[in-house]
Every structure is written in structure tokens, then in C-alpha cells.
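Each remark here refers to the structure printed beneath this line.
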Amino acid sequence: MRRLLTTVAVAIGVLLGVAGDRPARSDAEGWREVAWPFPRDGWPAGRAFRCATEACGGQLEVYVRPKLGFCNCDSGVADDDEVDRVADLDLMSERFVPLEPGRAIRVADMARRVRAYDLKMPDGSRHTAIGIAVSHRCDLLVAVAQGSRAAPEVRRAALEFLASGDMTRWMTAAMNGS
């Protein structure tokens, strides 16, 4: 009986995600999936990942989620102002300033924009943030990365992680409603 109760307790803990950080189901070395840290808003929670300092050369986190039905069906993500509005930067801090104009990118075979920001955290510390917004039909996929390194390094590490096979498969499935 005791063994059965222990097995049930462990299974419930795993199902509820209280077992702590767990390895990301990703082929990107050094990344671990963590609990979505943000309060509920008008969109479902996404997926959150943290890269080991040794693997990424500093603190780095990536948050990604689909926003189905939230995109201009004709133009997708049209410009940098739209990246500023939709990329979930405000979940980390409402005090962010663009560092440079955005760039065109492709993530999981979806096109649009990436932009770098200076992010002032609620505790007063400063981080680099990268906002990513890509679209497919009338749906939007957003990702935001934040870390302690320079913008080009954070952007490179985040885009490499998002380009990993498992993340690409997950993003494609999420955008197709799976």
C-alpha cells in the first residue's frame, strides 16, 4: 500500500509540474524547460526555457507562445511597431527601449521580424531583450528572449534554439492548432 501511495504521489507531482525544472524536449544542448513565469492574460500560457550559463555564456531565457487569430491576415507582422506591441516584452517589464531597427527573419518556416531592446527590470537591473514576431496565415507566434549578454549574442542564441528540430516541430504544431 505504501509503495502504491508513493507511486501515485510521484505521478501526480510529475503531471502537475511540481518536480522543478525539467530538460527541454529539444535537441538544443544546455536548455531546460521551466514553468511559465507570467500571470494569465488574454492568451494561453506558452513555453519557457532557460539556458545553462556554461552553454550560453551567461544567463538566457526564452519564452514562446502562439497567439492564434491575432494577426493581420494580409500583411502578417508589418513593422517594428507591431513587434513592440505583440512580442510579450511587457510581461517582463513595461520599461523597454528599442536598441536598433528590427530585421526580417524566418523561424519554423514563418517570416517576419526580430528586434533588440534594452530592458529595465522591476528590480532596477538591465537586461538585453530580443522580441520575435512571426506569422502564418492569420496566426501569430511570438518569442521573447532576455539575458545578460549583448544583443547580437542573445539574438543568435535565441534564434539557434528556436531553430532546433524539436522546437521547430513544436512551433509548427502549435500554429496548426495541435
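The values are calculated or read from the model by the stated rules, or taken from the named source; none is laboratory data. What you are looking at is a predicted structure, and each value in this text was computed from that prediction instead of being measured. All Cβ positions, even for glycine, are placed from backbone atoms using ideal geometry, and neighbour counts span all protein chains on display. Just so you know, the surface numbers come from the protein's heavy atoms only, side chains and all, with ligands and any DNA or RNA stripped out. Shrake-Rupley method; radii C 1.70, N 1.55, O 1.52, S 1.80 Å.
The slack between ASP90 and SER164, meaning 0.36 nm per residue of separation minus the straight C-alpha distance, is 24.0 nm. In sequence order, region 45-55 has phi-based couplings of 4, x, 10, 10, 9, 10, 9, 4, 3, 5, 7 Hz under the Karplus curve 6.51 cos²θ - 1.76 cosθ + 1.60, θ = phi - 60°, and Gly or Pro positions carry x.
Computed from label points 7 Å out along Cα-Cβ, the spacing between THR172 and ALA55 is 2.2 nm.
Scalar couplings 3J(HN,Hα) for region 141-158, obtained by applying the Karplus form with A = 6.51, B = -1.76, C = 1.60 to θ = phi - 60°, are 10, 10, 9, 9, 10, 9, x, 9, 8, 5, 3, x, 6, 5, 4, 4, 5, 5 Hz; x denotes Gly and Pro. Calculated accessible area for region 91-178 comes out at 45 Å² per residue, all protein chains present (probe 1.4 Å; ligands, DNA, RNA ignored).
Working from label points 7 Å from Cα in the Cα-to-Cβ sense, the ALA45 to ASP118 distance is 3.3 nm.
3J(HN,Hα) couplings calculated from phi for region 166-173 with the Karplus curve 6.51 cos²θ - 1.76 cosθ + 1.60 (θ = phi - 60°) are, in sequence order, 5, 5, 4, 5, 5, 4, 4, 5 Hz; Gly and Pro show x.
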